[in-house]
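The next block holds one structure in the form of structure tokens; read it before the comments.
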Amino acid sequence: MEREGSAERLIPMLHVNNLRKAFGSLVAVDDVTFSVEPGQLVGLLGPNGAGKTTTVSMIAGLITADRGDVLIGGQRLDGDTDPSKRRIGLVPQDLALYEELTARANLRFFGALYNLTGARLDRAIAAALDLVGLADRAGDRVKTFSGGMKRRLNLAAGLLHDPDILLLDEPTVGVDPQSRNAIFDNLEVLKGRGKALLYTTHYMEEAERLADRIVVIDHGKVVANDTLAGLRSQVAVSGGALPNLETAFLTLTGRSLRD
Amino acid sequence: MAMIPLLAMVRKDLQLFFSDTRAVIVTFAVPIAIASFFGSIFSGPRSGAPARISVAVVDKDASAISKAIVSGAQGDKNLRVGTPAEDEARAAVRAGRTSIAVVIPKGFGDAAGKAFFGNGEKPALDLLYDPSRTVEVAMVRGILTEHVMQAVSKEMFGGEQGRAVVAQTLPQIEASKMPEDQKRALVDMLKSVQGFYGQATRDGQATGPRGITMPYAVNERAMTSGSNVAYNGYAHSFAGMGIQFLLFAAANLGIEILLERQRGLWKRLRSAPVSRFTLLAGKAASMTIVGLMTLAVSFGFAMAVFGVRIQGSLIGFISVSFACALMAATFGLLIAALGKTPAATRGVTTLAVLMMVMLGGAWVPTFIFPAWLQQATVIVPARWAVDGLDAMTWRGLGLRGALMPTVVLLGFAVAFGALAAARFRWEEA
């Protein structure tokens, strides 16, 4: 992780160090280590039950790690009210929205959880809605939204407090190609603003399009951590053509079902 | 504690509450409707006259005594007496139109007169009753005893039948083998009784023989907050129903938390830099506000429409109401902490709330419970809530009367809150 150049690049925005979590006898996450730099999108890939969501939950402070650290800009994340949590934005896999409230009321509430009030909150809401293309639906109840609009609002809710790190847990599940494309555009914008993005997905083409680095996790362990090109090279047969990401993924994690 | 997130949680919960029309109706309108119904039952008619028991009397005897019994019953303020034919009376009881039918058999008066002096077989009155109204049977039996005794004694000591019986009895006594002194005493007594009632009639000091009457009168005074303040049954029913729906609303809050967890919303809350205490306090605060509004709307309606008044301490009433609402709110948190899924929790919670309010006297006053149950229900928070609100409304007790219910309810709130915090699932995998 150490690089030549300015001193600030020595410290990644998010560094996950030897994280471990067991549920009874099941070890869900085992010594997982990786980093995300500012302006970088890291794809966290893995089969069902590999430990992706548990890893994201530990980074977001939703569950306590048995061992290991989560470092935010070099600071160890510690406890529910750690100010470093303000630097993290979570976009959960579920549509974590209040359907009976308007889009604005939802964002007003989620913003207040980060102590945003008044004009500052209004500006943050306007910016987030503008980014995801929902400014004209701000006053409508969420229950009237399409699946894609809800997904975009779900993303906006994670951006309100202008976090440095965005944790995106399968943010495009169940949306149409148009909404998915719009979300991708949003993420490109965020990368351009220097945000560090950790993106979990099952869709290989999403990772191929978006990810600067890819961390493959299986049975709770990191089995690969490289760029797309690096991953493809790792699994390429000598003298043969470079495989695509899906082939590389299946080579790394095997073809057995994980239901 | 971070006030901005706390206030945001309260505001959001209130927005959600008021956006759900069904929840608002269930919380505000339904308790008013049910409390009005129960209040109308337990308050009796608003004129102040007691509700009369419907009784059919079939007089197959048509003697002076039986007619006097019918007349006495018809004049009784507790009875509404009809005199249908026997078949009609039976049909009315069977159909539930009349609680009780009293059949006075032929020869009742004659036999009762003879039995009065102990030398005849006692005749029987037939009491046909609706088995669903056994409480009224006991009341009618007592009332009839008074009227039968009065009618029989009146006739025996002063009426034609009585004179005939005495005239018939005196020779029998003279001819009996009774010891002479006893025989003399009995004959003298019968003659003096006849003489007394004959004297009273001749002197015009009385309209006739009075018969045996109750040897005492009863002054009934309802012990309410003041001598000019009537008991208002609506006060109790609104307290009971207010508490019941307060607990239902709190249970819904608990289930809402489970739903929030199911929808992933709790992940978003937990990912924010907000303490666990703030999260629980925010929920408890919003529920306490909803609870206070429930009680305020219920009692506001009861005051405006049914004349319920806070005859005790206003501060005491507010204290008890606040303690009730806080207890209910923490009860909701406990449900969220112990519940697994919303669907499974809903069924168990409904049962728990119904048991709590039933044992707490929210439906019917606890004094009708068996003694052991009255003692046992002090562990039910709803009991303290209802007793506390009763104390501040129709009982008219002062601030001291609110102290114990308030302290106990706050104690329950602390216990529920602590248990909820200890058992809450904070890990969001």
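Each reported figure results from applying straightforward, stated rules to the coordinates on display, with no laboratory input. Predicted, not measured: the structure shown is a model, and the values here were computed from it. Please note: Cβ atoms are built from the backbone with ideal geometry, for glycine as well, and neighbour counts cover all protein chains shown.
Report, for segment A:7-253, the % of DSSP beta bridges that are antiparallel, rounded to 5. Don't jump to the answer; show the numbers that get you there.
Details: 20 of 38 bridges.
Antiparallel: roughly 55 percent of the beta bridges in segment A:7-253.
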**Request:** Mind pulling the angle between the C-alpha long axis of helix A:103-112 and the longest principal axis of chain A? Nearest 10 degrees, somewhere in 0 to 90.
**Result:** 70 degrees
**Fill in**
Computed, not fitted: 222 nm per-residue ellipticity of chain B from DSSP H runs ≥ 4 (each -39500 (n - 2.57)), nearest 500, equal to -22000 deg cm²/dmol
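Quick one: which of B:364-375, B:142-153, A:87-98 comes out on top by average Cβ neighbours within 10 Å, and what's the full order, highest first? Could you put the intermediate results ahead of the total?
Details: B:364-375: 11.7, B:142-153: 18.7, A:87-98: 23.0.
So the peptides B:364-375, B:142-153, A:87-98, ranked by packing, come out A:87-98, B:142-153, B:364-375.
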**Request:** In Å and from the alpha-carbon atoms only, list the Rg and Dmax of segment A:112-259.
**Result:** 18.3, 62
**Item:** Overall dimensions of segment A:70-162 as given by Cα atoms, namely Rg and Dmax in Å
**Value:** 13.7, 42
**Request:** Specify the angular offset, from 0 to 90 degrees and rounded to the nearest 10, of the alpha carbon long axis of helix A:177-192 from the longest principal axis of the alpha carbons in chain A.
**Result:** 80 degrees
**Asked** How big is the gap, in Å, between the Cα center of segment A:128-196 and the Cα center of segment B:263-287?
**Response** 23 Å
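Using the Cα centre as the reference, give the magnitude of the dipole from point charges on the C-beta atoms of chain B (Lys, Arg: +1; Asp, Glu: -1; all else neutral), rounded to the nearest 20 debye. Mind showing how you got there, number by number?
Working: 41 positive and 28 negative charges, 310 e Å.
It works out to roughly 1500 debye.
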**Fill in**
At R0 = 41 Å the Cβ-Cβ FRET efficiency linking A:Asn244 and B:Trp426, nearest 0.05, sits at 0.50
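Pairs of alpha-carbon atoms within less than 8 angstrom and 6+ residues apart define the contacts here; what relative contact order does chain B have, in percent?
Values: 616 pairs, mean separation 77.2, N = 429.
Relative contact order here is 18 percent.
Mind checking A:87-95 for the average number of partner chain beta-carbons within 10 Å of each residue's beta-carbon? Don't jump to the answer; show the numbers that get you there.
Working: counts 1, 3, 3, 6, 2, 8, 2, 8, 3.
Going residue by residue through A:87-95 and averaging, the value is 4.
What do you get for Rg/Rh of chain B when both radii come from the Cα atoms and Rh is the Kirkwood radius?
Numbers: Rg = 32.3 Å, Rh = 26.5 Å.
Value, to two decimals: 1.22.
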**Request:** For each of B:Lys177, B:Lys114, A:Lys143, count neighbouring Cβ atoms within 10 Å of the residue's Cβ, then give the residues from fewest to most.
**Result:** B:Lys177, A:Lys143, B:Lys114
**Request:** Per residue of B:6-16, count partner chain C-beta atoms within 10 Å of its C-beta, then hand back the mean as an integer.
**Result:** 4
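Please report Rg over Rh for segment B:54-202, where both radii come from the alpha carbon positions and Rh follows the Kirkwood definition. It would help to have the intermediate numbers written out before the result.
Values: Rg = 18.0 Å, Rh = 16.8 Å.
Taking Rg over the Kirkwood Rh, I get 1.08.
How big is the charge dipole of segment B:54-202 about its Cα centre, in debye rounded to the nearest 20, if each Lys and Arg gets +1 on its Cβ and each Asp and Glu gets -1 on its Cβ? Walk me through the numbers on the way to the answer.
Working: 19 positive and 18 negative charges, 33 e Å.
Result for segment B:54-202 is approximately 160 debye, rounded to the nearest 20.
Expressed as a fraction of 2.2 N^0.38 Å, the rule-of-thumb size for a compact globular protein of N residues, what is the C-alpha radius of gyration of the protein assembly as shown? Write down the numbers at each step before the final one.
Numbers: Rg = 41.1 Å, N = 688, 2.2 N^0.38 = 26.3 Å.
Normalised Cα radius of gyration, the protein assembly as shown: 1.56.
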**Item:** Estimated FRET transfer efficiency (A:Val27, A:Arg76; beta-carbon r; R0 25 Å; 0.05)
**Value:** 0.65
**Item:** Cross-link reach list, lysines versus B:Lys106, counting only Cα pairs under 19 Å and skipping chain neighbours closer than eight places
**Value:** B:Lys60, B:Lys67, B:Lys114, B:Lys122
**Asked** Taking B:Lys340 as the anchor, which lysines have their alpha carbon closer than 22 Å to its alpha carbon, excluding any fewer than eight residues away along the same chain?
**Response** B:Lys267, B:Lys283
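Over chain A, what is the relative contact order in percent, taking alpha-carbon pairs closer than 8 angstrom and at least six residues apart?
Details: 485 pairs, mean separation 67.4, N = 259.
Result for chain A is 26 percent.
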**Prompt:** Put +1 on the Cβ of each Lys and Arg and -1 on the Cβ of each Asp and Glu in segment A:7-253; which of A:Pro177, A:Met13, A:Leu242 then has its Cα farthest toward the positive end of the dipole?
**Reply:** A:Met13
**Item:** Rounded to 5, percent antiparallel among DSSP beta bridges of chain B
**Value:** 30 percent
**Prompt:** How far is helix B:314-338 tilted off the main Cα axis of chain B, in degrees rounded to 10, range 0 to 90?
**Reply:** 60 degrees
**Theoretical FRET efficiency, 1/(1+(r/R0)^6), r = Cβ-Cβ of A:Asp140 and B:Thr350, R0 56 Å, to 0.05** = 0.95
**Dimensionless Rg/Rh of segment B:272-429 - Kirkwood Rh, Rg from C-alpha atoms** = 1.01
**Request:** Enter the mean number of other protein chain beta carbons within 10 Å of the beta carbon of each residue in B:272-283, as an integer.
**Result:** 4
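Taking the number of other C-beta atoms within 10 Å as the exposure measure, put A:Met149, B:Met139 in order starting with the fewest. Could you put the intermediate results ahead of the total?
Numbers: A:Met149 20, B:Met139 15.
Ascending number of Cβ neighbours within 10 Å: B:Met139, A:Met149.
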**Request:** Would you mind listing how long segment A:7-253 runs along its three principal axes, going by Cα atoms, in whole Å with the largest first?
**Result:** 58, 42, 39
**Total charge dipole magnitude, chain A, about the Cα centre, Cβ charges on Lys, Arg, Asp, Glu only, Debye to nearest 20** = 320 debye
**Request:** Report relative contact order for segment B:54-202 in percent, whole number only (criteria: Cα-Cα under 8 Å, sequence separation at least 6).
**Result:** 23 percent
**Request:** Sketch the reach of a paramagnetic label on B:Leu419 as a point 7 Å from Cα along Cα-to-Cβ, and name the residues of segment B:368-390 whose backbone nitrogen lies under 14 Å away.
**Result:** B:379-382
**Asked** Going by how many other Cβ atoms sit within 10 Å of their own, how do A:Thr102, B:Thr83 line up, fewest first?
**Response** B:Thr83, A:Thr102
**Message:** Of all beta bridges DSSP finds with both residues in the protein assembly as shown, what is the antiparallel percent, to the nearest 5?
**Reply:** 45 percent
